[in-house]
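Beneath this line is the structure, given in structure tokens, with notes to follow.
The values are calculated or read from the model by the stated rules, or taken from the named source; none is laboratory data. Please read all numbers here as calculations on a predicted model, not as lab measurements. So basically every Cβ, Gly included, is an ideal-geometry build from the backbone, and we count neighbours across all protein chains shown. To get the accessible areas, we keep the full protein, side chains included, count just its heavy atoms, and leave off ligands, DNA and RNA. Shrake-Rupley method; radii C 1.70, N 1.55, O 1.52, S 1.80 Å.
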Amino acid sequence: MQKELENIIKSIRKYIELEELAGTGEWGQVSLSGIMSGRDLSPAKPAPVPADTLEGLKKEALSCTKCDLCETRTHVVFGAGNPRAKLMFVGEAPGMQEDLQGLPFVGRAGKLLTRIIESIGLKRKDVYIANILKCRPPDNRNPLPTEILTCEEYLIKQIELIRPRVICALGKFAAQTLLRSQESITRLRGKFSDYRGTKLMPTFHPAYLLRNPQDKRLVWEDMKKIRNQLEK
Ligand code: URA
Ligand code: URA
């Protein structure tokens, strides 16, 4: 009985591993082998997680040492949410709370982001939230160009794996970086641009809205445009 169970589990795991490698199965790009291999019942070595799944990419990022921020970070903040989200948010970089918890947008600005997401009838778990930089710059200083260039590879792969219909860039930094633009966020926000083939809507950063609540109305306008685009 025990042996039979082991064999069944082994064959399910094999199936899922192949599905992941093919990237086309009904489980799509979502890695289930992580869940399945919580307890290793087989004598064989667990297969390495391929980086062509979101879980594989995350694993790679969590041990990244490609730039100096790895020396000062507490946690890598890879991103969180639905790996099949239609809507993805991209912020600037983790702050203190995010660095401590390893999760994006969990501080005060994050609470406001949750309300912004809910304003179009979605929940945080429906969308995917990431940042341009996966590690916190010391004292929240601005990201350096070399850090951006090095780290953007993770974001580009993340977007390729999630394949959102719309990306919302939060704030001047994310918008200007992704769009390789010097335009002000005031000019960039409110209209769709293209980011590597995906529709991108820049809007104000929730931390900016905490200081300038009168501009929440404009973010609401941008969110309605995003909602309409998602309904198309
Ligand atoms: N600000 C950001 O840009 N990203 C976070 O994750 C938190 C605050
Ligand atoms: N300045 C920023 O950096 N971000 C905003 O969203 C607005 C102004």
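With the checklist (1) surrounded by fewer than 11 Cβ atoms within 10 Å (Cβ to Cβ); (2) touching a residue at least 24 places away in the same chain (Cβ under 8 Å) in hand, flag the one item Arg211 doesn't pass.
The number of the failed condition is (2).
Filter the stretch 82-116 down to residues that are free of Cβ contacts under 8 Å to residues at least 24 places away in the same chain and hydrophobic (A, V, I, L, M, F, W, C), then give me how many there are.
Taking the stretch 82-116 and keeping what is free of Cβ contacts under 8 Å to residues at least 24 places away in the same chain, we get 97, 106-107, 111, 114-115.
Filter once more, so that each one left must be hydrophobic (A, V, I, L, M, F, W, C): 106.
Adding up the residues that qualify gives 1.
Which members of the stretch 95-106 meet the condition of being more than 16 Å from ligand 2 (Cβ to nearest atom) and open to solvent by less than 50 Å² (accessible area, probe 1.4 Å)? Show your work before the answer.
First pass over the stretch 95-106, keeping only residues more than 16 Å from ligand 2 (Cβ to nearest atom): 96-104, 106.
Glu98, Asp99, Gly102, Pro104, Val106, listed by residue number.
Please enumerate the residues belonging to the stretch 140-155 that are closer than 21 Å to Leu113 by Cβ and open to solvent by 40 Å² or more (accessible area, probe 1.4 Å).
Passing the criteria: Asn140, Asn142.
Please state which of the following conditions Tyr195 fails to meet, knowing it meets all the rest: (1) out of contact with any Asp or Glu (no Cβ under 6 Å at 6 or more places or on another chain); (2) more than 14 Å from Phe89 (Cα to Cα).
It fails just one condition, (2).
Please enumerate the residues belonging to the stretch 156-207 that are within 9 Å of ligand 2 (Cβ to nearest atom), farther than 21 Å from Thr114 by Cα and part of a loop (DSSP other than H, G, I, E, B).
Result: Ser184, single match.
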